[in-house]
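K.L.:
The structure is given below, and queries will be raised subsequently.
The values are calculated or read from the model by the stated rules, or taken from the named source; none is laboratory data. Computed from a predicted model, the values in this text were never measured in an experiment. Because the Cβ atoms are built from the backbone with ideal geometry, glycine has one as well, and the counts that use them run over all protein chains shown. Heavy atoms of the whole protein, side chains included, go into the accessibility calculation; ligands, DNA and RNA do not. Shrake-Rupley method; radii C 1.70, N 1.55, O 1.52, S 1.80 Å.
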Amino acid sequence: MGGQSGPTMDSGDFFDQSEFVPSSKSNAPSKPVQDRSSSSSGNEAGKMVVGNGSPDSYKVVFIKDNVSVHPTQNASERISGRLRLIKQGASLFMTWIPYTVQGAARRGTSIMKSTEKDRNLYTIRAVSLAEMRSIRRHTPPFGLQYVIIVLTSGLAFPPLYFHTGGVREFLSTLRNHALLVRSNDDSNVYLVNDVQDPLQRSLTSLELTEVTPVSVITPAAEPPPVVTKEDDVEPVPEESITSSSMHTSVYRQGVRREASREIINVLEKFSMVTKFARDTTAHLFGESRFLGNSEMDLDRAPMRLRNDDASKSNIEFQTLNRPQESNSDGKEAVAKGEDETHRRLTGVEKEKIERGEKEKKEEKEEKKKSAEEEAATNVGTFELVDGTQNDSPALVWGRARPPPLGHEEWATFLDSEGRVVDPKALKKRVFHGGVEPNLRPELWKFLLGHYKFDSTYAEREALVALKREEYKVLQTQWKTVSEDQARRFAKFRERKHRVEKDVVRTDRTIPFYEGDDNKNVDILRDILVTYSFYNFDLGYCQGMSDLLSPILHVVVEESEAFWCFAALMERMAPNFHRDQAGMQAQLSAVSKLVQLLDNPLHDYFKQNDCLNYFFCFRWILICFKREFDYNDVLRLWEVLWSHYLSEHFHLYMCVAILKRHRRKIMDEQMEFDTLLKFINELSGHIELESTLRDTEALCLFAGEKGTACIPPGTPPSLPVVEVDAFPMSL
Amino acid sequence: MSYAYLFKYIIIGDTGVGKSCLLLQFTDKRFQPVHDLTIGVEFGARMITIDNKPIKLQIWDTAGQESFRSITRSYYRGAAGALLVYDITRRETFNHLTSWLEDARQHANSNMTIMLIGNKCDLAHRRAVSTEEGEQFAKENGLVFMETSAKTAQNVEDAFINTAAKIYQKIEEGIFDVSNESYGIKVGYSTWTASGGTGGGNTSAQSGGCCS
Ligand SMILES: Nc1nc2c(ncn2[C@@H]2O[C@H](COP(=O)(O)OP(=O)(O)OP(=O)(O)O)[C@@H](O)[C@H]2O)c(=O)[nH]1
Ligand SMILES: [Mg+2]
């Protein structure tokens, strides 16, 4: 465990060379290590107690340092250790031995008492490959890679996080020694020794209820494992671990069951532990926040994986991240957390942090190459237990999306007169779950700002009537232009023509706009021409029809759709300004965000002359309208319009998508042309839900630093109102 | 798929003149009037044969709207050929040709082959620009000229292939350094690398279409 106490512990953990093989080595792809063979003796299969002087030899075929278990979301409670695959005769065993307390203590480091127990609990002394059911590989686009191993017994180990990469090598080594089959259902799942007998597969609720993480059940179910000396010894020298420690601590049920794939999924969920990992690039994200996290946790009991405890850790997480009521995007809350942290840090600790940071910078230079390799997955990330409260602001990868907001629930958001009591809660709800299609017409009016949240039923009714009249008047302004007048009114003809030629080229494959003489296409035209009179300075620009189309489709009523569109344009108009300043502002914000969240990718773009980010142009101009199918666009726009985590969620989304393809982009050495083509062709191939989750994580993760990348007034923020500004010259 | 050369084309011109329809007609041999308007750029590709050599055309169909110009300008970079399109039924699209040409000259490489195209020639009854005017403009500006219809496919094939033939001819004449990709030409399988520059071989590049 970490070399430093308190706040810097986590980073120290990563950088403390004395504990691990030298960084150059530990960051290099792990190669199977040919170990000096030593004597050992095999016991019954699956249980191996190797004594001294045994004739059988064993061989370490894989070794990886800095593989850790994250019992809680707190980085400080990460338990790091060494993962090994050991071959003995025809059998292969996996061991994971945590680094020791004493080892850490000897280096003058304090460590939480509780983790000692944890270490025993989580230690994998030796598990035979024959006992493994499946291995799932998780390589999130921005987070640590980890694997979850499910045993044939129905138990699962907690995720093993590979802090310095090596999942692929781990799997390929396994493949060399065992039958590893990729699951048909999920290419990230490897079935070990899969017996293809569907009859044997059963899925009973009984089995599910019996499922418990190995680490939790072990001590109770079996006599505690013999605590070997090695547990107290720094496990650095290979020889120091005698094979006597390798007896299995896996709780075994009497009957082995064929776990179905569904079971595997459930099992893995149980094994999900909260984590709050950080990494080499974490210095970008505000040390104090992370450090604060560990510091604050020092006086808390460690949290153990359990469904009930998970919510506890959630609560704690929220104290750091829960957006305040007064604030629409949660930035303040994070800042508050930081403040608190600062207050708690003593001068000494602060000094330590500074020193640590300096050291880290030096390390960084050295590690640049390997960091580049790892950056994709190393932007630390957090993950909470599956199935905890839906309203947690924290991200859960793999968390099911809550059901969309329906009428019944919507009513609970309103007071007796129809005011939205807690707009923030509503936005949050929409952000996470979206809105049921039949509620959209009403809710979109709020989200877009046409209806005020604090308006009453009566006020809204009046507004609708008033606005209908107003719309009529606006429309009359151009509908009454006679042919004769139009002949002398080139500007009008031109404007109308521009709209007309575009509405017939907008979403005509959607049933709502399909076919010749479609009435809705006419309405689309009428609204757009009317808008170009309502906002004559801006007029009509391409892209507007893409923005209006879904709105009309949802809202249906013409005048209401117009006002919804007009409200949206209050925010989006700068996208269409002739000087393109609004677009430039957003593109440059994306550039800054990439620099923050994926510096190697930023460097790559820089080297390849791609920093104008023009390849994101269409994404931003029309809010990904062309990148997803129609229904997904509706779903996405609700999320964006909730402005829950950020008004600029779409910019984070650009980063999330780019990050997801960073490997390919860089491996294939894409340049401006090829990149543009590649990005264009992603259209229709972006999975929305996972992208939203990634974006949410990025957004939370970037926190204040992310916000700082986006200058005030960047669309779609409402324009900054300058009180004494001179009226714009026309 | 292997090719001797890959040429990058761009299609430019006012919005609504039929750029996307021309591309679709050339790559898919169909006319789809409900095609979405273009935002940013779209891509198409097709193999053709010139002088018995397979040539891949990678075509960039750009957005025509004025306010997107700052973006579309960045697409000129490294294009070997351009189709500059106007709509024969809308005079203003013809009037804007000069500004398009200026853009092209300024942002593309000077050896880019530009084909001027008067599209929608199936709408003869609504013609607002005569063929002679188109020819005249092309002559004055050193362009190849053709009238097409993306709807009936008239001359569409030729417009693209004749442009490729011109580019090919320039390669044969050694005008391009084909190893320099900024000319919008990529050399495909290695046998052809040698033929870049002044390399021998016959120079009969015409594909048999009519021309200007
Ligand atoms: N009659 C006729 N109509 C055409 C022809 N080519 C295109 N059109 C019509 O003209 C309209 C515009 O065509 P597009 O190909 O979308 O125009 P574009 O140049 O790509 O326009 P932007 O993408 O806005 O720059 C479409 O509605 C087509 O139906 C043609 O050759 N003949
Ligand atoms: Mg087009």
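K.L.:
Residues of segment B:58-75 being in a strand (DSSP E or B) and either within 16 Å of ligand 1 (Cβ to nearest atom) or basic (Lys, Arg) (or both), which ones?
P.N.:
As a first pass, look at segment B:58-75 and keep what is in a strand (DSSP E or B): B:58-62.
Listed by number, the residues that qualify are B:ILE59, B:TRP60, B:ASP61, B:THR62.
K.L.:
On the given criteria, is B:ILE55 more than 10 Å from ligand 1 (Cβ to nearest atom) and open to solvent by less than 10 Å² (accessible area, probe 1.4 Å)?
P.N.:
On the way: more than 10 Å from ligand 1 (Cβ to nearest atom): yes; open to solvent by less than 10 Å² (accessible area, probe 1.4 Å): yes.
In short, yes.
K.L.:
What pairs can you find where one residue is in segment A:689-710 and free of Cβ contacts under 8 Å to residues at least 40 places away in the same chain, the other is part of a helix (DSSP H, G or I) and among the aliphatic types (A, V, I, L, M), and their Cβ atoms are less than 8 Å apart, with a gap of 6+ or different chains?
P.N.:
From segment A:689-710, the pairs are A:THR691/A:MET653; A:THR691/A:ALA656; A:THR691/A:ILE657.
K.L.:
Is it true that some residue in segment A:619-627 is buried (at least 19 other Cβ atoms within 10 Å of the Cβ), within 14 Å of A:ALA589 (Cα to Cα) and within 23 Å of the chain's Cα centre (by Cα)?
P.N.:
Within segment A:619-627, one or more residues are buried (at least 19 other Cβ atoms within 10 Å of the Cβ), within 14 Å of A:ALA589 (Cα to Cα) and within 23 Å of the chain's Cα centre (by Cα).
K.L.:
Looking at segment A:529-542, can you tell me whether even one residue there is within 16 Å of ligand 2 (Cβ to nearest atom) and either open to solvent by 30 Å² or more (accessible area, probe 1.4 Å) or within 11 Å of chain B (Cβ to nearest Cβ) (or both)? It would help to see each step written out before you state the result.
P.N.:
Step one: filter segment A:529-542 for residues within 16 Å of ligand 2 (Cβ to nearest atom), giving A:541-542.
Filter once more, keeping what is either open to solvent by 30 Å² or more (accessible area, probe 1.4 Å) or within 11 Å of chain B (Cβ to nearest Cβ) (or both): A:541-542.
Within segment A:529-542, one or more residues are within 16 Å of ligand 2 (Cβ to nearest atom) and either open to solvent by 30 Å² or more (accessible area, probe 1.4 Å) or within 11 Å of chain B (Cβ to nearest Cβ) (or both).
K.L.:
Another question about this same structure. Of the conditions (1) within 12 Å of chain A (Cβ to nearest Cβ); (2) within 16 Å of ligand 1 (Cβ to nearest atom), B:ALA79 clears all except one; give me its number.
P.N.:
Failing condition for B:ALA79: (2).
K.L.:
Another question, then. Please verify whether segment B:62-71 includes one or more residues that are more than 11 Å from every other protein chain (Cβ to nearest Cβ), more than 15 Å from ligand 2 (Cβ to nearest atom) and surrounded by fewer than 23 Cβ atoms within 10 Å (Cβ to Cβ).
P.N.:
No, that holds for no residue.
K.L.:
Could you check B:ILE117 against (1) within 16 Å of ligand 2 (Cβ to nearest atom); (2) within 14 Å of another protein chain (Cβ to nearest Cβ); (3) among the aliphatic types (A, V, I, L, M) and say which number it fails?
P.N.:
Condition not satisfied by B:ILE117: (2).
Per-residue answers, yes or no, for (1) over 21 Å from B:SER99 (Cα atoms); (2) at pLDDT 95 or above:
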position	(1), (2)
B:GLU132	no, yes
B:LYS139	no, yes
B:ASN155	yes, yes
B:GLU173	yes, no
B:VAL178	yes, no
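K.L.:
Here is a follow-up. State whether one or more residues within segment B:76-89 are within 14 Å of ligand 2 (Cβ to nearest atom), on the phi > 0 side of the Ramachandran plot, at pLDDT below 95 and outside any helix (DSSP H, G or I).
P.N.:
no
K.L.:
For segment B:138-153, give me each residue that is free of Cβ contacts under 8 Å to residues at least 60 places away in the same chain and crowded, with 17+ Cβ neighbours inside 10 Å.
P.N.:
The answer is B:LEU143, B:GLU147, B:SER149.
K.L.:
Something else: If you take just the helices (runs of 4 or more DSSP H) that sit entirely in segment A:452-504, which of them hold at least 3 residues that are at pLDDT 95 or above?
P.N.:
Working: elements: A:457-479, A:483-487, A:490-503.
Result: A:457-479, A:490-503.
K.L.:
Another question, if that's okay. Which one of these is within 14 Å of another protein chain (Cβ to nearest Cβ) and surrounded by fewer than 16 Cβ atoms within 10 Å (Cβ to Cβ): A:GLU514, A:GLU483?
P.N.:
Working: A:GLU483 fails: within 14 Å of another protein chain (Cβ to nearest Cβ).
Result: A:GLU514 is the single residue among A:GLU514, A:GLU483 that is within 14 Å of another protein chain (Cβ to nearest Cβ) and surrounded by fewer than 16 Cβ atoms within 10 Å (Cβ to Cβ).
K.L.:
A follow-up question, please. Tell me, yes or no, whether segment B:107-125 has at least one residue that is touching a helix residue (DSSP H, G or I) at 6+ places or on another chain (Cβ under 6 Å) and assigned to a helix (DSSP H, G or I).
P.N.:
The answer is yes, given that some residue of segment B:107-125 is touching a helix residue (DSSP H, G or I) at 6+ places or on another chain (Cβ under 6 Å) and assigned to a helix (DSSP H, G or I).
K.L.:
Then there's this: Would you be able to tell me the number of residues in segment B:61-92 that are closer than 27 Å to B:ARG46 by Cα and free of Cβ contacts under 8 Å to residues at least 40 places away in the same chain?
P.N.:
Here is the first cut: in segment B:61-92, the ones closer than 27 Å to B:ARG46 by Cα are B:61-65, B:68-69, B:71-88.
From what's left, free of Cβ contacts under 8 Å to residues at least 40 places away in the same chain: B:68-69, B:71, B:73-74.
Within segment B:61-92, residues that are closer than 27 Å to B:ARG46 by Cα and free of Cβ contacts under 8 Å to residues at least 40 places away in the same chain number 5.
K.L.:
Restricting to segment B:1-40, count the residues that are among the acidic types (Asp, Glu) and within 13 Å of ligand 2 (Cβ to nearest atom). First the steps, then the outcome.
P.N.:
First, pick out the residues of segment B:1-40 that are among the acidic types (Asp, Glu): B:14, B:28, B:36.
Restricting the remaining residues to those that are within 13 Å of ligand 2 (Cβ to nearest atom) gives B:14, B:36.
Selection size over segment B:1-40: 2.
K.L.:
Kindly indicate the residue of segment A:604-616 that is without any contact (Cβ under 8 Å) to a residue 40 or more places away in the chain and part of a helix (DSSP H, G or I) and also least open to solvent (accessible area, probe 1.4 Å) among those meeting that condition.
P.N.:
A:PHE605
K.L.:
What's the total number of residues in segment B:1-52 that are among the aromatic types (Phe, Trp, Tyr) and more than 16 Å from ligand 1 (Cβ to nearest atom)?
P.N.:
3
K.L.:
Is it true that A:GLY143 is part of a loop (DSSP other than H, G, I, E, B) and at pLDDT 80 or above? Before the answer, list the steps.
P.N.:
Values: part of a loop (DSSP other than H, G, I, E, B): yes; at pLDDT 80 or above: no.
So A:GLY143 does not fit the description; no.
K.L.:
Kindly indicate whether any position in segment B:93-102 is free of Cβ contacts under 8 Å to residues at least 60 places away in the same chain, more than 9 Å from chain A (Cβ to nearest Cβ) and not in a helix (DSSP H, G or I).
P.N.:
Within segment B:93-102 (the criterion being free of Cβ contacts under 8 Å to residues at least 60 places away in the same chain, more than 9 Å from chain A (Cβ to nearest Cβ) and not in a helix (DSSP H, G or I)), the answer is no, since none of the residues qualifies.
K.L.:
Follow-up question, since we're still on this one. Among the residues of segment A:572-584, write down those that are in contact (Cβ under 8 Å) with a residue 12 or more places away in the chain and crowded, with 19+ Cβ neighbours inside 10 Å. Walk me through it before giving the result.
P.N.:
Kept after step one, since they are in contact (Cβ under 8 Å) with a residue 12 or more places away in the chain, are these residues of segment A:572-584: A:572-577, A:582-583.
Hits for segment A:572-584 are A:MET572, A:ALA573, A:PRO574, A:ASN575, A:PHE576, A:GLY582, A:MET583.
K.L.:
Just give me the residues in segment B:1-51 being open to solvent by 20 Å² or more (accessible area, probe 1.4 Å), more than 14 Å from chain A (Cβ to nearest Cβ) and more than 17 Å from the chain's Cα centre (by Cα), in sequence order.
P.N.:
Within segment B:1-51, B:MET1, B:SER2, B:TYR3, B:ARG30, B:ASP51 meet the criteria.
K.L.:
Out of all the residues in segment B:84-103, is one or more of a type in the set (Asp, Glu), open to solvent by less than 40 Å² (accessible area, probe 1.4 Å) and more than 16 Å from ligand 1 (Cβ to nearest atom)?
P.N.:
Scanning segment B:84-103, I find no residue that is of a type in the set (Asp, Glu), open to solvent by less than 40 Å² (accessible area, probe 1.4 Å) and more than 16 Å from ligand 1 (Cβ to nearest atom), so the answer is no.
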